[in-house]
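Report on the following structure.
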Amino acid sequence: ERARLARLRHTPAVTLDGEAVQMHANIELPGDAKAALAAGAEGVGLFRSEFLFMGRGGQLPSEEEQYEAYREAVEAMQGRPVTIRTVDIGADKPLDRAPAGDGRYDHVLNPALGLRAIRWSLSEPAMFRQQLRAIYRASAHGPVRLLLPMVAHMKELRQVRDCITRVRQQLVDNQQPTGQVELGVMIEIPAAALILDALLPLVDFVSIGTNDLIQYTLAIDRADESVAHLYDPWHPAVMQLLATVIGACRARGKGVSVCGEMAGDVAFTDALLAMGLRSFSMHPSQIAFVKQRILRADASKLAAQLPQLLGDEDPERVAKRLGWA
Ligand code: PEP
Ligand code: MG
């Protein structure tokens, strides 16, 4: 079985009825890109750049240090796209992993609802422009896509676009080469899913972060053991949001992928294919398992069965009956 999965590494992920599916990897540090390639990843769908910022006693990496890290990942992927997410600091990913008592975030009652991710970046514009410069400079070495975490407001996206305009002008002024960089937003707050029609014209692609989307849709702290039994990816509200976002992106010709844990869990592969998803991003170790599932799937048959799943109060039961989960 192990050898068979290994052979799958470089087999393209295509369904029985000929639908090609992109298999991308989630990475935390540039050194992970090697494992991603070895696992057969066709690109990096999520580079969690906050890992460059964490565990350094709150001292931020310089533009140069970031540029080197992004460039290392881009070069390692040898022409495949690398999706770099701007820092998603805060909540479950504190800037400084020091135990409680260092003071900086202690007073925050609801860190998951607080100053994190894109909110934090926009509140530290000099730091944010530094990261954007590093990312744009890395794009001179291969295809780079820029991904924004936790967007909820149109004005956040407009502010980011203003920052990008300024940064690109600075790079031109300094004669620093850059490539084309596609811009994307993560859909991980229900509000973003609900204003998708307004967001889409301003972006090239979206990536659905199911880990947070489930947390915020169900009001379940993803790190709180006492409510873990209610953290339910099969909840009909989650299914509805996923199907709606994937459908809307496809209808408007915008790329859409899922980069939360659901993408790497074979229990959800058929459901996501049924919704029209053709791009998955996951931990490299999961790629072969999900691919195996895709190779056995008939996408048009799955799509025809989707209304049964979406029309039921218990989608998990339907998925089990259909042999999906
Ligand atoms: C997510 O929320 O699904 C996601 C991919 O981002 P993270 O797990 O890093 O918050
Ligand atoms: Mg997230």
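The values are calculated or read from the model by the stated rules, or taken from the named source; none is laboratory data. Keep in mind that this is a model prediction, so the values were computed, not measured. Quick reminder, even Gly has a Cβ in these numbers, built from the backbone with ideal geometry, and neighbours come from all protein chains shown.
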- At least 2 residues that are within 16 Å of ligand 1 (Cβ to nearest atom) and at pLDDT 95 or above in each: list the helices (runs of 4 or more DSSP H) lying fully within the stretch 109-189 that qualify. 117-123
- Item | Flag for residue 247 being buried (at least 18 other Cβ atoms within 10 Å of the Cβ) and without any contact (Cβ under 8 Å) to a residue 60 or more places away in the chain | no
- Scanning the stretch 174-196 residue by residue, those aliphatic (A, V, I, L, M) and touching a residue at least 40 places away in the same chain (Cβ under 8 Å) turn out to be 181, 186, 187, 192, 193, 195, 196
- Note on the structure: Filtering the stretch 194-212 down to residues that are more than 10 Å from ligand 2 (Cβ to nearest atom) and either on the phi > 0 side of the Ramachandran plot or charged (D, E, K, R) (or both) yields 197, 204
- Message: Go through the stretch 301-313 and report how many residues are in contact (Cβ under 8 Å) with a residue 12 or more places away in the chain and surrounded by fewer than 14 Cβ atoms within 10 Å (Cβ to Cβ).
- Response: 1
- Query: Of the numbered conditions (1) without any contact (Cβ under 8 Å) to a residue 24 or more places away in the chain; (2) of a type outside the set (D, E, K, R); (3) assigned to a strand (DSSP E or B), residue 253 satisfies every one except a single condition; which is it?
  - Reply: (3)
- Looking at residue 8, is it within 24 Å of residue 182 (Cβ to Cβ) and either without any contact (Cβ under 8 Å) to a residue 40 or more places away in the chain or touching a helix residue (DSSP H, G or I) at 6+ places or on another chain (Cβ under 7 Å) (or both)? no
